[in-house]
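The values are calculated or read from the model by the stated rules, or taken from the named source; none is laboratory data. These numbers were taken from a predicted model, which means no experiment stands behind them. Cβ sites come from the backbone with ideal geometry, for glycine too, and all protein chains shown count toward neighbours. Just so you know, the surface numbers come from the protein's heavy atoms only, side chains and all, with ligands and any DNA or RNA stripped out. Shrake-Rupley method; radii C 1.70, N 1.55, O 1.52, S 1.80 Å.
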Number of protein chains: 2
Amino acid sequence: MSSVFPERPVSSLAQLATPCLVLERGKLARNLARMAATVAIRGLNFRPHLKTAKSAAIGQLAAPPPDGAITVSTLREAEYFAHHGWRDIFYCVGLAPGKIARAAALHRAGVRLITLVDHPDAAAALRAHADRESLRFRTVIEIDCGEHRGGVAPDSEQLLAIARELGPHFAGVATHGGQSYGERSPAGFVRVAQAEVDALRTAATRLHAAGFPSDILSLGSSPTALAGVDATGITEVRAGVYMFWDAFQAGIGACSLDDVALTVLAEVIGRPADRPNEFLIDAGAFALSKDTSTAALAPEKMAGYGFVCDVDGVLQPNLRVQKVWQEHGLVVSATPLPAEKFRIGDRVRIIPNHACPTAAAHDRYHVVSGTREVLAEWTRVNGW
Amino acid sequence: MSSVFPERPVSSLAQLATPCLVLERGKLARNLARMAATVAIRGLNFRPHLKTAKSAAIGQLAAPPPDGAITVSTLREAEYFAHHGWRDIFYCVGLAPGKIARAAALHRAGVRLITLVDHPDAAAALRAHADRESLRFRTVIEIDCGEHRGGVAPDSEQLLAIARELGPHFAGVATHGGQSYGERSPAGFVRVAQAEVDALRTAATRLHAAGFPSDILSLGSSPTALAGVDATGITEVRAGVYMFWDAFQAGIGACSLDDVALTVLAEVIGRPADRPNEFLIDAGAFALSKDTSTAALAPEKMAGYGFVCDVDGVLQPNLRVQKVWQEHGLVVSATPLPAEKFRIGDRVRIIPNHACPTAAAHDRYHVVSGTREVLAEWTRVNGW
């Protein structure tokens, strides 16, 4: 990890401009190692999803270039990681006609880009463009294993129609058991993990019989990747939020709250004289996001807009970010606050509900390792 | 407007990389003119809030530099607008100790920065720093007129204590009737506008009696700024979201849906064979935000995550963005969709629930004027 950490601290949590992201290096490393080991034990290739981290420095730890295989959620990410040396990139959102030219440019630049389609029209547009430029796309068909977002049913007629449209650009099948976020137990994650495997096997078997053998059978979500079902025949696993985890993932039991590596550093900017259980911080809807996913959990797991830690990362169990405005967050305590804590200018760290949208509001991570010293700044890519 | 519009179109809505922001120049101009006229008729100075637009090009239309008075919500914005020539800037969020050095740097650079405090400790820290650097801060005390976010009560002891701490850095009072967002009628907006005026008058009268005359009496929110109550004694009005408006503001009656100048351009990326009322777009939680403010309105005003227009901006009344994932949005129609509309690759424009967080996910506006031609790209500043 020498290349991404300078020799001396670059700042401290007392000096950083707030609000900003703080990333615990030890927790990140532990999360990366746990997932990598779990996937390796299952005999699968791992293709980390960088949609959450969106950072070359973190990608370097998770799947170093040029050989590391990665997943991305936007073409902007694909271009960014290609620029930083990655060559094996899966753009895992349905490729629509308006994005084919940019995908083709990545192919021409030597990136082994995997693209995803779930409709014959998208496949036809892709093939027409690729053939015109004499490019060979590696395209997988998205299979719906029960989330009902994108994808075709594994037993559908549509599946074979798409493969026929793709012709030589067909490379396999992929699915995402996103319904795992609706589960609340290890048994639930196993059930969804099994649905992912079954859907890909059914689809690949039918495609093979129709003359389309699959090189790629790709599946995953952070909760299902750790579930450990038998995955014979599957070639690779994807997962992203596991790098940081968050209050929602802790709430559904995919991790513990202590595993969460990402917090938002904020400063106390208000301490209302007439509301002794409340204070205001400079992290609001923009710095934390308006995600309220933990509202669907049991009361003790509801974080409002985030759990509150002190500046050293120690959880303050009575506190929640209960309300947000654009640049204000209102922290409410279940018990009266002592006068000497959370004073104007004190700093706190917020565990977000959902790491992905929270991180997306920021352009860099401030990396710490159990102290207030900031060891590195890692930039990230946002937008499209 | 010549300086911000090049001679020829720079692109078209058919070519832009999606998702991205589209801004209707005519609606923007109409919104700016309506608010400016209303404030002028009331005999007040206007200090547009650029927390929504965050763009020098738009600031130039709303309050051109160097003389234009503006409001901002972050020091990053203050620095950005100072860099673009503005000199009269109100940073309208409680200034905590960690930000005083950056505020002082703006003062030293010649910016007439107005800062805001609502606690004696914040005032004392500001004064200590300013006196040390021999700077004169223009600081106003935040008054709570009923929103119960920041601010002190106009009749509180705290008010005078803060003024005494500020000493020579005291410049006046400010309030924000943010509770106007909870109103649903012009009468409600008038009630909150009156609460703003009353709170500032009470506070300024008490401060004056204690030897602290106010140069600045600043109030506002977009709904109350248009309410037109008698504002004798008030010096200035702030408002921000009125430049773009949004589905929520239309829902509470502050504007009409046709006034909304900002949309998100998206492409159809999925058309599930087995769900004839649905299609998927490439604008999800990141491009639209997870704001669900219209869920608090009457059913016909609930937008889900956004109302849907065709690429020309024509509202499709049966459609809503009903669900979002990171990079996917699910559009659901109340009636079956015709096969020839909303095909893979077609483009739509989404009216967001709340313009501020939606715009914050993007780094630029694509400016149009009633056609698909993109006349200009206007960048914006994000982050802190």
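Points to keep in mind about this one:
- Accessible area of chain A divided out per residue, in Å², using a probe of 1.4 angstrom: 35 Å²
- In region A:307-341, comparing the full protein assembly with the chain on its own, the residues that lose 40 Å² or more of accessible surface at a 1.4 Å probe are A:Trp325, A:Gln326, A:Glu327, A:His328.
- Estimated distance in nm for a label pair at B:Ala334 and B:Thr371, the labels positioned 7 Å out from Cα along Cα-to-Cβ: 3.4 nm
- Each label was represented as a point 7 Å from its Cα along the Cα-to-Cβ direction; for B:Arg112 and A:Asp230 these points are 7.9 nm apart.
- Distance between the modelled labels on B:Ala296 and B:His148, one decimal in nanometres: 1.3 nm (7 Å Cα→Cβ projection).
- Computed helical MRE - 222 nm, the protein assembly as shown, DSSP H runs ≥ 4 contributing -39500 (n - 2.57), nearest 500: -8000 deg cm²/dmol
- Protein accessible area in the protein assembly as shown, 1.4 Å probe - carbon and sulfur %: 52 percent
- For A:Ala376, residues with placed amide H under 5 Å, excluding near neighbours: A:Val10, A:Val367
- Overall form of region A:55-151 per C-alpha gyration tensor (a/c, 1.5; a/b vs b/c): oblate
- C-alpha long axis of helix A:186-209 to longest principal axis of chain A, angle in °: 20 degrees
- Taking 19 Å as the straight-line reach from the Cα of B:Lys27, the aspartates and glutamates in range (excluding those fewer than 8 positions away in the same chain) are B:Asp246, B:Asp258, B:Asp259, B:Asp310, B:Asp312, B:Glu373, B:Glu377.
- Rounded to the nearest 20 debye, the dipole size of chain B about its Cα centre is 400 debye, using +1 on the Cβ of Lys and Arg and -1 on the Cβ of Asp and Glu.
- Three-way shape call for region A:192-275 based on the alpha-carbon gyration tensor, with the a/c threshold at 1.5: prolate
- Of the residues in region A:83-99, those shielded by at least 20 Å² of accessible area once partner protein chains are present, compared with the chain alone at a 1.4 Å probe, are A:Val93, A:Gly94, A:Ala96, A:Pro97, A:Gly98, A:Lys99.
- GNM flexibility winner over chain A from A:Lys99, A:Lys341, A:Lys27 (Cα, springs under 10 Å): A:Lys341
- Placing R0 at 45 angstrom, the Cβ-Cβ distance between A:Ala29 and B:Ser134 gives a FRET efficiency of 0.40 after rounding to 0.05.
- Closest-to-axis residue of chain A (Cβ criterion, axis taking A to B), whole Å: A:Lys290, 2
- Degrees between helix B:157-166 axis and first principal axis of chain B (Cα, 0 to 90, nearest 10): 80 degrees
- Whichever lysines have a C-alpha closer than 22 Å to that of A:Lys290, once near sequence neighbours (fewer than 8 apart) are set aside: A:Lys51, A:Lys54, A:Lys301, A:Lys323, B:Lys51, B:Lys54, B:Lys290, B:Lys301, B:Lys323
- Normalised by the number of residues in chain A, the average gap of Cα pairs under 8 Å and 6 or more apart makes the relative contact order 21 percent.
- Once the chain from A:Asp67 to A:Ala161 is taken as fully extended at 0.36 nm per residue, the excess over their C-alpha distance is 30.5 nm.
- Evaluated with a Cβ-only charge set (Lys, Arg +1; Asp, Glu -1), region A:1-124 carries a dipole of roughly 200 debye about its Cα centre, given to the nearest 20.
- Interface size B-A, as summed buried accessible area [1.4 Å probe, Å², nearest 100]: 4400 Å²
- Modelled FRET efficiency - R0 25 Å, B:Asp274 with A:Asp198, Cβ distances, 0.05 increments: 0.85
- For A:Pro66, inter-copy label distances in nm, listed shortest first [label point 7 Å out on the Cα-Cβ vector]: 5.3
- Fully extended contour minus Cα-Cα distance, from A:Ser12 to A:Lys341, at 0.36 nm per residue: 116.4 nm
- Shape category assigned to region B:330-376 from the gyration tensor of Cα positions, a/c cut at 1.5: oblate
- Residues losing 10 Å² or more accessible surface upon assembly, region B:239-268, compared with the chain by itself, 1.4 Å: B:Glu267
- Simple Cβ-charge dipole of the protein assembly as shown, Lys/Arg +1 and Asp/Glu -1, about Cα centre, in debye nearest 20: 800 debye
- Counting only DSSP beta bridges with both residues in chain A, the antiparallel share comes to about 50 percent.
- Each of B:Gly68, B:Ala130, B:Pro19 was placed along the dipole of region B:1-133 (beta-carbon charges, centred on the mean Cα), and the one lying farthest toward the positive end is B:Pro19.
- For the pair region A:85-126 and region B:200-227, the centres of their Cα atoms are 57 angstrom apart.
- Per-residue 3J(HN,Hα) values for region B:271-279, derived from phi via the Karplus relation 6.51 cos²θ - 1.76 cosθ + 1.60 with θ = phi - 60°, read 9, x, 5, 9, 10, x, 9, 10, 9 Hz in sequence order (x marks Gly and Pro).
- Antiparallel bridge percentage (DSSP; both residues within the protein assembly as shown; nearest 5): 50 percent
- Solvent-accessible area of B:Arg380, all protein chains in place: 20 Å² (probe radius 1.4 Å, heavy atoms, ligands and nucleic acids excluded).
- In order along region A:126-131, phi translates into HN-Hα couplings of 4, 4, 4, 5, 5, 5 Hz, rounded to whole numbers, per the Karplus curve 6.51 cos²θ - 1.76 cosθ + 1.60 with θ = phi - 60° and x for Gly and Pro.
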